[in-house]
Structure formats: structure tokens, C-alpha cells
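A quick write-up on the structure given underneath.
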Amino acid sequence: MKTLTLVCTLTFLLLGCTKDDIVVPQDVIEMNIDTRLPVDGNGYSHFRLYTQQSQNIHRISGSIRVNNKIPTEPREKIDWKSSHYWVLKEGDTVATITKSYLNYYTGQWTVVTLPPLVSSINSLVPTINPVCYNSEDGSINT
């Protein structure tokens, strides 16, 4: 019995797996980004603010291929990062909601404005959506 235990122990010690035995396939990821912004001589894109009263909207698009194919299942998760934030202060108006409709009783076009949605806290809001998944055609957006 001791001999069998010794043989099994030596077998496990001598026939172990190493990290080199595991072959991990390397994916070739190709990603193209279109900022739709002017680019300087160093390759940096520049966005000029068009208002300082509210959020400035701009879309950054691109496409992704994995091993020269559009990733379908699973789709690729893309993380976006920015070093900038904007400050939402308590009491700031976050949104104003309006509803426009044709009043069937009077025949007039009617616009109803609801009370503004007001922030109840101070908060740092990132200037970029932090994550997206590619669409069916391989496009990515933030």
C-alpha cells in the first residue's frame, strides 16, 4: 500500500502541467475611430464647446473587427475613458420636458411644459459614455 501511494505521489509530481502547455489563441483586433473633429499635427482631436450653459453633445464613432470578422456572438464590449467631467450642482435644471399635440376639442396645436427636473444633489458627470457594444455591422459609438 505504501508503494502504491509513493508511486502515485511521484507520478503526480513528475507529470504536472505547466503554463507553457496551455496555448491561448491570440485574437487580432482592428479598431478604427472617427472623431468627426479637426486633428492637430500631433494627432489630437479638438472639440470646441458651442455652449457653456448646458451639455455639449458630440458622437465619436468607429468600427471593430476581430480576426478580420465582425464580432457577433459574443459582441465586443468597448470601454471608453475621458479625463474630463462636468459638475451638476444641486438646484441645477437637468431637463425640461414638453409635450406637443393637436387638441381634438379645440383644433389647436398645444404645447404643454412640465415643471423642470431639478438636481437634488451635487455630482460629477463623466463627459463620455463609459461603455458600448458593437452593433451588427461592427460599428461602435459613444
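Scanning the stretch 5-56 for residues that are aromatic (Phe, Trp, Tyr) and either modelled with pLDDT of 65 or more or in contact with a His (Cβ under 9 Å, 6 or more places away or on another chain) (or both) turns up Tyr44, Phe47, Tyr50.
Name the residue, out of Lys89, Lys77, that is over 20 Å from Ser54 (Cβ atoms), touching a residue at least 24 places away in the same chain (Cβ under 8 Å) and either surrounded by 10 or more Cβ atoms within 10 Å (Cβ to Cβ) or not assigned by TED's automatic domain parsing to the domain that holds Ser61 (or both). Give the steps one after another, and end with the answer.
On the way: Lys89 fails: over 20 Å from Ser54 (Cβ atoms).
None of the other options fit; the residue is Lys77.
So, in the stretch 51-74, of the ones that are part of a loop (DSSP other than H, G, I, E, B), touching a residue at least 60 places away in the same chain (Cβ under 8 Å) and closer than 17 Å to Asn32 by Cβ, which residue ends up farthest from the chain's Cα centre (by Cα)? Out of the qualifying residues, it is Ile70.
None of Gly41, Gly107 is exposed (fewer than 10 other Cβ atoms within 10 Å of the Cβ) and on the phi > 0 side of the Ramachandran plot except Gly107.
The values are calculated or read from the model by the stated rules, or taken from the named source; none is laboratory data. On a predicted model such as this, the values are computed, not experimentally measured, just so you know. Positions of Cβ are backbone-derived with ideal geometry, glycine not excepted, and every protein chain shown enters the neighbour counts.
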